[in-house]
Every structure is written in C-alpha cells, then in structure tokens.
1. So, Tyr50, is that one among the aromatic types (Phe, Trp, Tyr) and either more than 19 Å from Gly229 (Cα to Cα) or without any contact (Cβ under 8 Å) to a residue 24 or more places away in the chain (or both) or not?
2. Do we find a residue being crowded, with 22+ Cβ neighbours inside 10 Å, free of Cβ contacts under 8 Å to residues at least 24 places away in the same chain, within 24 Å of the chain's Cα centre (by Cα) and not assigned by TED's automatic domain parsing to the domain that holds Glu371 anywhere in region 82-93?
3. What number goes with the only condition from (1) part of a helix (DSSP H, G or I); (2) under 22 Å from Thr411 (Cβ atoms) that Phe288 does not pass?
4. Would a scan of region 230-250 turn up a residue that is touching a residue at least 40 places away in the same chain (Cβ under 8 Å) and of a type in the set (Lys, Arg)?
5. Only one of Leu311, Leu332, Leu305 is hydrophobic (A, V, I, L, M, F, W, C), in contact (Cβ under 8 Å) with a residue 60 or more places away in the chain, in a helix (DSSP H, G or I) and farther than 27 Å from Gly365 by Cβ. Can you tell me which?
6. Could you list, in sequence order, all residues of region 15-50 that are touching a strand residue (DSSP E or B) at 6+ places or on another chain (Cβ under 7 Å), within 23 Å of Trp395 (Cα to Cα) and not β-branched (Val, Ile, Thr)?
7. Would you confirm, using the coordinates I've provided, whether Gln170 is assigned by TED's automatic domain parsing to the domain that holds Ala313 and in contact with a Pro (Cβ under 9 Å, 6 or more places away or on another chain)?
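The values are calculated or read from the model by the stated rules, or taken from the named source; none is laboratory data. As the structure is a prediction and not an experimental result, all values here were calculated from the model. Note that each Cβ is placed from the backbone with ideal geometry, even for glycine, and that neighbours are counted across all protein chains shown.
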Amino acid sequence: MLLDQARKFDQDDSLASFRDCFFIPDHNGQPDLYFVGNSLGLQPKATSDYIAAELQAWQRLGVRGHFEDSHHESLPASTAGQWLDYHQRLTETMADLVGGQANEVIVMNTLTVNLHLMMATFYRPAKKRNKILIEAHAFPSDKNAVESQFALHGCKSSDCLIEIQPDQGQLFSTDAICDAIREHRDSLAMILLPGVQYYTGQVLNMQTIAAVANELEIPIGFDLAHAAGNVAMQLHDWNVDFACWCTYKYLNSGPGSIAGCFVHQRHATNTDLPRLAGWWGHDRDSRFQMTGDFNPIATAEGWQLSNPPILSAAAVRASLQVFADAGGMKPLVEKSKLQHRFFRDCLNEMLGDQVSVIAPEDCSGCQLSLEVKLDGIPGKQIYQRLEASGVRTDWREPNVIRAAPTPLYNTFEEIWTFVDRLQHAIAQA
C-alpha cells in the first residue's frame, strides 16, 4: 500500500521532471538511491555548459574576458557573461533562496572564511561584553573559528565561550536558547548558531531567537550550511545580522564551491563598519584607479576580498537556474514536507521502534537523522550494509545515519525503497 502511495505521489508531482536535470550516480548499472544531498548535492547537467562557456572565453579572449561577453556559438546564450560583474548574476536568485534583499547577499570565498570576515565586523569584544554563545556540539569548524577569534583578541576560550546545552535529548529548546541569551545579556558580544543542526537535522527557530537578540542589541549570525536550499527563510524580515552558507550541499554547485553570505541591509549600507578589506570590496567606479585607499561598496559586496573564481561561480549559476526554473523555495519546501511525512510513515509502518528519528517533524527539513536501536548490533554495520546495496547516506559518530531526500531529484518511490532496503539490512543483522 505504501509503495502504491509513493507511485501516486510521484505521478502527481509537478516537480518530478527536475530529476532529469541532474546526473544520478549508479551502482552495478542501477541508479544510486542518493540520499546525501546534505553533504554533496548532485551535479546539474547544465553545469558543464556554464563552465565550458568560461573556458571558451578564456581560450578566445584571455584577459579581455573580464570585459567582453563570453558567449560562444556552440553553447547556450544563457551561459554567457563577462567576468568583471559575473558574481552579480548570482545575487538575485541566491537572495530569494534565503529571504534576503539583493544588496544583502554576496557569493564569495568559502563558508568558514566568510564566518571569519563576519566575526571581524560583528565580534567587537569589550571588557565586560566579550563572550560568544554557540550550541554545544557545534560543527567543529564553527567552534574552531570562534576560538581562533578569541585568540586574535587576546581572550581565553575558557572565559568567553558559552555553549548552550541541548535539553530535550539531543535537541535544543527555543526557550532554553532565549533564556540563555537573556541570562548572559550583559556579557554577550555575539551569538553564532546553526540554522539546521548538522547532526540531528533540527531546524532552529531562527526568527524567535533573532528577535530576542535584537531586543537585547546582541549581534546574531547563523551558519546556514544545512539550511540554504533546504528550508524556507526570511533573513531580512527576521533582522538577522549576518549569515553564511556553503553551496555544495542542497545548492548543488560542486565540491568546495564558492559560498554565500548575508549582511543585513542596516549593516551592509554602513560603510563605516570595521572589516577585513580587500580591493574587490572597493567602490566599483574607482576600483581600478589604484589609489590605495578603501571605499567599501555600500552593499554586502563591500566585504569581498578578491575577484571571484569564475569557474566555481559558473557552477553556482547553473544550479541557481534550476532553482529558479523550479519556482524557488516555496514549491520545493512543500514537496519536501510531503516527502518528510511519507518517509516517517514508511519508517513507522515498516520498522516500528527499531529505528527512531531524532528531530520531531515540526522542526525538521530534508534531513532525517536515524538511530538504529538493535541490541548488540552497531548502527554503523547497518549503514555499511545500506552502502553495499547502493543506498547513499552518511554516518556520523556515535550512532546516526543521516538520510536527506531532496525535492529536486529524489522520488517518493526511492524513499519507500530506502526503507525497504533498511528493513532488509536490519533483518540480516
């Protein structure tokens, strides 16, 4: 019955054709069950055209590619661009995906580099207010970045780091986070939290948390590595101070690709804010006068350091076009929620209490973090059996299989098949 329901969902799915926009890896001649878009999204088929257009431009034009259109007759006209303003072709669609305005979003650098750039501006420790609040068990690079900022400012992590602990099993209560912010209001210089917690898949209530931070005038930023392209956000309306995200997970732009950054308009337009400066953030009209002074652009572009890597930006552009063609986040989130509920129904009916999902349905995006509960049988063994059967998920110590069906390319029948193979893997244990 569940399989019939899956096939009916797929038949009625208005987004079903977008699966054909991606290359699906195979296993023994059959398509993988690829449920790991939360780690690396699949390659859009158009990516090679977008990158080829810039390789052709480099071949034909050399340095003139900065100022002349890269269009070549052998490639689609939509892939064309000149390198000088190429990054601006990414801004509008990227801003739409995170609920920002065009002047608040820039695609640049990589995630942790952007976090450092934002902390250089927003972490301004004083004698009394010098602490940063993060979540306990944060993704290692976030904690590393925060602790290195302490060191740069001559602060001790043991004195300045506040880690909010989960209070519902492995989950974080919105009330507990807000209470911690209020409790430490007089000592907090900044807050850095995830939009989606990488291990559990829990979506934090960014709007409510940001409202408390705003009320107490504490700068707040979010790491959106697992949120961008996954959940609906309104960063501008929520008055988030800054946010950073990678583009190689749900945004499908390739391993290690260039990242995204949001700076709220009230800060982006303030050219007096301190920052780590680079010449590509300098006013465009006078950038090439080479005067040596720094006059930042009054948008998020003012935090750019160097001209962007065009080949990587081309891959981002190819993926963003797929999102635009699909209608943006609204229809994708609607399908994702339906997939999520169906996934849970399959788990409950086919596996019962042998597998549990960490995060509740009302605070989850694409990712379901699964704990296998079998006496004497490690969860990693089940994960390895799934891998051997052509199911692609990922494993996180100590006991979680992360599975993330994504609405652009995963089907409902694949969800049923995943649970069926998980059932067989457990039966063989």
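1. Details: among the aromatic types (Phe, Trp, Tyr): yes; either more than 19 Å from Gly229 (Cα to Cα) or without any contact (Cβ under 8 Å) to a residue 24 or more places away in the chain (or both): yes.
When the stated conditions are applied, Tyr50 passes them.
2. Checking region 82-93: at least one residue is crowded, with 22+ Cβ neighbours inside 10 Å, free of Cβ contacts under 8 Å to residues at least 24 places away in the same chain, within 24 Å of the chain's Cα centre (by Cα) and not assigned by TED's automatic domain parsing to the domain that holds Glu371.
3. With (1) part of a helix (DSSP H, G or I); (2) under 22 Å from Thr411 (Cβ atoms) applied to Phe288, the lone miss is (2).
4. Taking every residue of region 230-250 in turn, at least one turns out to be touching a residue at least 40 places away in the same chain (Cβ under 8 Å) and of a type in the set (Lys, Arg).
5. It is Leu311.
6. At the first step, the residues of region 15-50 found to be touching a strand residue (DSSP E or B) at 6+ places or on another chain (Cβ under 7 Å) are 21-22, 24-25, 32-39, 42-45.
Pick out the ones that are also within 23 Å of Trp395 (Cα to Cα) and you get 24-25, 32-39, 42-43.
Pro25, Asp32, Leu33, Tyr34, Phe35, Gly37, Asn38, Ser39, Leu42, Gln43, listed by residue number.
7. Working: assigned by TED's automatic domain parsing to the domain that holds Ala313: yes; in contact with a Pro (Cβ under 9 Å, 6 or more places away or on another chain): no.
The answer is no for Gln170.
Residue by residue, here is whether (1) surrounded by 15 or more Cβ atoms within 10 Å (Cβ to Cβ); (2) more than 24 Å from the chain's Cα centre (by Cα); (3) in a helix (DSSP H, G or I); (4) among the β-branched types (Val, Ile, Thr) holds:
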residue	(1), (2), (3), (4)
Lys337	yes, no, yes, no
Met350	yes, yes, yes, no
Leu386	yes, yes, yes, no
Thr406	yes, no, no, yes
Asn410	yes, no, no, no
Val419	yes, yes, yes, yes
